[in-house]
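Below is one structure; the comments refer to it alone.
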Amino acid sequence: MANTLTGSAHDGDTARKNVQTGAMAIFGALAMLGLGYASVPLYDLFCRVTGFGGTTQVASEADAGRAAAAGTFREISIRFDGSIARDVPWDFHPSQSTDTVRIGQRDIATYVARNNSSQPVTGTASFNVEPAQAGIYFHKIQCFCFTEQTLEPGQEVTMPVLYYVDPAILDDDVIGDIEQITLSYTFHRTKEPVLSALDGSQ
């Protein structure tokens, strides 16, 4: 009788352990899934905070005012570059290839895009700064990047970028004496939604 009770208790312990192990496995899977979804925004936040990979910073008017107050007479050359993905039937280029700005002072650059196709095309611009270490010091107050831009057939638009270079760059031991920063944009086609038979499309 005692053996029977002992065996039942053992089986109960094993069942509980199995349930606990299964619960931990499910929890781990859910945690990994959540981490997967969070990894993209976390990586984006990391890039924006550190300037990793030439990611520029987002600034407010107040930030720009403080930078201007702490500015310097030192000037730096900004080179502008524009390109398109192969499936974007646009012309896209900066209005001017270079500009000389005072570090800490806000300035504006413009890019021109024209749709050469016979149908509306929506695109989104990605960007980066070279050298990559300068990304943390390149602050954009206003920008068309990561905003969908839809151009009608033959339509041409001018898109502004309001920016400044943080005076803190002068204290950087690696690139404090840099003479030129390149700001590059590439337009990628935004995939149009696929209409289904439920939408009444043929």
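Under the simplified labelling scheme, the Cys145-Ser126 pair shows an inter-label distance of 1.2 nm, with each label point 7 Å from Cα along Cα→Cβ. With the simple spin-label model, which puts each label point 7 Å out from Cα in the Cβ direction, the Asp91 to Arg74 separation comes to 3.9 nm.
Charged side chains reduced to their Cβ positions (Lys and Arg at +1, Asp and Glu at -1) give the range 54-189 a dipole of some 280 debye around its Cα centre.
Beta bridges from DSSP with both residues in the range 54-189: antiparallel share about 75 percent, rounded to the nearest 5.
Every number in this text was worked out from the coordinates using simple rules, so none of it is lab data. Source: prediction; values computed, not measured. Don't worry about glycine lacking a Cβ; one is built from the backbone with ideal geometry, like all the others, and counts go over all protein chains shown.
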